[in-house]
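Colleague: There's a structure below that I have some questions on.
The values are calculated or read from the model by the stated rules, or taken from the named source; none is laboratory data. Owing to the predicted nature of the structure, the values given are computational and were not obtained by experimental measurement. Cβ coordinates were reconstructed from backbone atoms using ideal geometry, including for glycine residues, and neighbour counts include every protein chain displayed.
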Amino acid sequence: MRKNAGQGHARNTARNVRIRHFALHSLELCRNQLTALTEPAFSGSELQKLGFIMDCGSSLAQKYPGASLDMPLAQWEKLLERIDLQTLGNAIFSRWRYFNHWAESAMSKDDQQWFVLSLTKLAQLAEC
């Protein structure tokens with residue numbers, strides 16, 4: 001039984017290493033340009049491989065009542081202080097999907113800052 005628990009921990013550690021690498025790489029892209037989220041390295045399939053789901057923010061709203069993907073940046077920053085890895089990854093995936101498939105305008109500086117803050121927190125949460 002202990003062996004299985006150790007294997008689960010090893011899988012989580014390996015996943016966290018991949019998540020952290022993804023977050024740090026994507027963070028550099030986001031800091032450098034507004035169009036970073038269209039880069040092949042930042043893709044829905046990559047987020048899905050990391051175990052995140054595109055749920056249009058429903059897991060965020062369910063876990064943190066009143067929270068939404070488009071809440072003011074100052075409120076989002078406060079939420080980031082207590083958010084968990086899975087919910088944050090799902091939120092990033094959902095917001096990425098919005099800008100890559102549904103948005104009718106380009107990202108604003110606040111939108112870019114949302115991703116910078118979120119990816120920074122994702123990297124912190126994935127630290128082993």
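Colleague: Does TYR64 satisfy being free of Cβ contacts under 8 Å to residues at least 24 places away in the same chain and surrounded by 14 or more Cβ atoms within 10 Å (Cβ to Cβ)?
Modeller: Against the criterion (free of Cβ contacts under 8 Å to residues at least 24 places away in the same chain and surrounded by 14 or more Cβ atoms within 10 Å (Cβ to Cβ)), TYR64 qualifies.
Colleague: I'd like to know if the range 51-63 contains one or more residues that are in contact with a helix residue (DSSP H, G or I) (Cβ under 7 Å, 6 or more places away or on another chain), under 16 Å from LEU117 (Cβ atoms) and of a type in the set (Ser, Thr, Tyr).
Modeller: No.
Colleague: Is there any pair with a first residue in the range 102-118 that is hydroxyl-bearing (Ser, Thr, Tyr) and a second that is part of a helix (DSSP H, G or I) and surrounded by 10 or more Cβ atoms within 10 Å (Cβ to Cβ) whose Cβ atoms are under 8 Å apart and which are 6 or more apart or on different chains, and what are they?
Modeller: Short answer, once both residue conditions are applied: SER118/TRP76; SER118/LEU80; SER118/LEU88; SER118/ALA91; SER118/ILE92; SER118/ARG95.
Colleague: Out of everything in the range 98-126 that is among the polar types (S, T, N, Q) and part of a helix (DSSP H, G or I), what residue ends up being surrounded by the most Cβ atoms within 10 Å (Cβ to Cβ)?
Modeller: So, considering only residues that are among the polar types (S, T, N, Q) and part of a helix (DSSP H, G or I), the one surrounded by the most Cβ atoms within 10 Å (Cβ to Cβ) is SER118.
Colleague: Please determine, by comparing only the residues of the range 21-38 that are surrounded by fewer than 14 Cβ atoms within 10 Å (Cβ to Cβ) and in a loop (DSSP other than H, G, I, E, B), which one is modelled with the lowest pLDDT.
Modeller: THR35
Colleague: When the residues of the range 82-96 are filtered to those that are surrounded by fewer than 18 Cβ atoms within 10 Å (Cβ to Cβ) and under 17 Å from ALA23 (Cβ atoms), which remaining residue is nearest to the chain's Cα centre (by Cα)?
Modeller: Among those that are surrounded by fewer than 18 Cβ atoms within 10 Å (Cβ to Cβ) and under 17 Å from ALA23 (Cβ atoms), it is GLN86.
Colleague: Right, next: Would you mind stating whether LEU69 is hydrophobic (A, V, I, L, M, F, W, C), surrounded by 14 or more Cβ atoms within 10 Å (Cβ to Cβ) and assigned to a helix (DSSP H, G or I)?
Modeller: Criteria not met by LEU69.
Colleague: Scanning for something within 12 Å of ILE19 (Cα to Cα) and either at pLDDT 95 or above or in contact with a helix residue (DSSP H, G or I) (Cβ under 9 Å, 6 or more places away or on another chain) (or both), does the range 97-120 turn up at least one residue?
Modeller: Scanning the range 97-120 turns up at least one residue that is within 12 Å of ILE19 (Cα to Cα) and either at pLDDT 95 or above or in contact with a helix residue (DSSP H, G or I) (Cβ under 9 Å, 6 or more places away or on another chain) (or both).
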